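Right, one structure below, let's go through it.
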Number of protein chains: 2
Amino acid sequence: MKRLIVDMDDVIADATGQFISLYERDFGIRVLRESLNHLEEAILRYVIEPGFFRKMTPNENSQEVLERLNQKYALFIVSAAMEFPLSLSEKQDWLREHFPFLTWKQIVFCGSKSIVHGDYMIDDLPHNLETFNGEKFIYTAPHNLQFDQFQRLNNWNEVAGQFL
Amino acid sequence: MKRLIVDMDDVIADATGQFISLYERDFGIRVLRESLNHLEEAILRYVIEPGFFRKMTPNENSQEVLERLNQKYALFIVSAAMEFPLSLSEKQDWLREHFPFLTWKQIVFCGSKSIVHGDYMIDDLPHNLETFNGEKFIYTAPHNLQFDQFQRLNNWNEVAGQFL
């Protein structure tokens, strides 16, 4: 089986949507998804708020497609979660709820993704893809539209089309 | 810099000593270190006890040697911690206390270590070493004395001799 490495935030989990909701809660303004760069400092502070990672919505179709990918690939969920210590248990609980077919053996929490290797990686952040030894796919998010050096997957239907 | 991957339990942390202490607390018998196979079921139940990972003693000289290794290698601490969900925060806190020179970028919690790659791995469990792509070193523990297919490091002075 080929090894497929899939990111969490803004790939299977709608982190951008979570930022938008919290920003609206605090400032009464609903930011357009297309105009959101989630790396802006004003927004990044939300990730240290308890519940941020636990309450994210799975991205559309990610559950069904990932369950099918899990039959065909050695699937690993790799999240650069170590920067936010509180996120680890939230992310574990979130995965158990929304992706119950995954086992603990398939989960990796790290700081730098340069440590993992495999055949394919799907990630929204160019710096995670850059150090990867296999084939690289960027999953579209508002903050990565300007990067064109990777194969692009715009949604989970496209992931299915590529890998199933 | 060459990448060096170091395990936690029974490599930098004295998990075996922790098993011995808890067994003595419960049964009044101090088991000889040499006769302990920490994979026995009766002992394994201790790892789900809160505080088990937080209260371990660092192995002798591991702190000083690892701090020097951290200057010379791209050092990663990789722990197959995902099986015990409660261990993650305990392990983070433990590392921060005893190895404060490590950053969150150098920590990896996973289920299967087959996902990581690098130049050298030091681990006490043969199945972790078997899937590794680089040079493999077994760190001596009571449960691995019978394995002779790996280069062996008996203590942290020998680690220093090998890598510094």
Fill in the blank from the handout: Residue by residue through the stretch A:109-118, the couplings from Karplus 6.51 cos²θ - 1.76 cosθ + 1.60 with θ = phi - 60°, in Hz, x for Gly and Pro, are 10, 9, x, 9, 7, 4, 6, 9, 9, x
Practice task
Once you've got the GNM for chain B with C-alpha springs shorter than 10 Å, pick whichever of B:F147, B:F19, B:F99 has the biggest mean-square fluctuation.
Solution key: B:F147
Completion exercise
When chain B is treated as a Gaussian network with springs between alpha carbons less than 10 Å apart, the largest mean-square fluctuation among B:K91, B:K113, B:K72 is found at B:K72
Exercise for the section: Express as a percent, rounded to the nearest 5, the fraction of DSSP beta bridges in chain B (both residues included) that run antiparallel. Expected result: 5
Fill in the blank from the handout: Note to self: C-alpha centroids of the stretch A:133-159 and the stretch A:7-26 sit apart, in Å, by 18
Practice task
Take every DSSP beta bridge with both residues inside the protein assembly as shown and express the antiparallel ones as a percent of the total, to the nearest 5.
Solution key: 15
Problem - Residue-averaged [θ]222 nm for chain B, counting only DSSP H segments that reach four residues, each worth -39500 (n - 2.57) - result: -9000 deg cm²/dmol
Fill in the blank from the handout: Counting Lys and Arg as +1 and Asp and Glu as -1 over every other residue whose Cβ sits under 11 Å from the Cβ of A:R152, the net charge comes to -2
Practice task
Would you tell me the mean number of C-beta atoms belonging to other protein chains that fall within 10 Å of each C-beta in B:99-105, as a whole number?
Solution key: 3
Exercise for the section: Would you kindly work out, in nm and rounded to one decimal, the distances from the label point of A:N155 to those of the same position in each other copy, ordered shortest first, with label points 7 Å along Cα-to-Cβ? Expected result: 6.3
Problem - Copy-to-copy label separations for A:D119, where each label sits 7 Å from Cα toward Cβ, in nm and ascending - result: 3.0
Problem - Modelled FRET efficiency - R0 30 Å, A:L32 with A:D93, Cβ distances, 0.05 increments - result: 0.50
Fill in the blank from the handout: GNM on chain A, Cα springs under 10 Å; top mean-square fluctuation among A:S62, A:S79, A:S35 goes to A:S35
Handout entry: 7 Å along Cα→Cβ, label-point gaps from A:E135 to other copies, nm, shortest first
Key = 3.5
Exercise for the section: Quick one, can you get me the convex hull of the C-alpha atoms of the protein assembly as shown expressed as volume per residue in Å³? Expected result: 144
Completion exercise
Expressed in angstrom and ordered largest first, the alpha-carbon extents of chain A along the principal axes are 48, 34, 28
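Coordinate-derived values only; no laboratory data. Values in this document were obtained by computation on a predicted structure and should not be read as measured data. Every residue, glycine among them, receives a Cβ derived from its backbone with ideal geometry; neighbour counts consider all protein chains shown.
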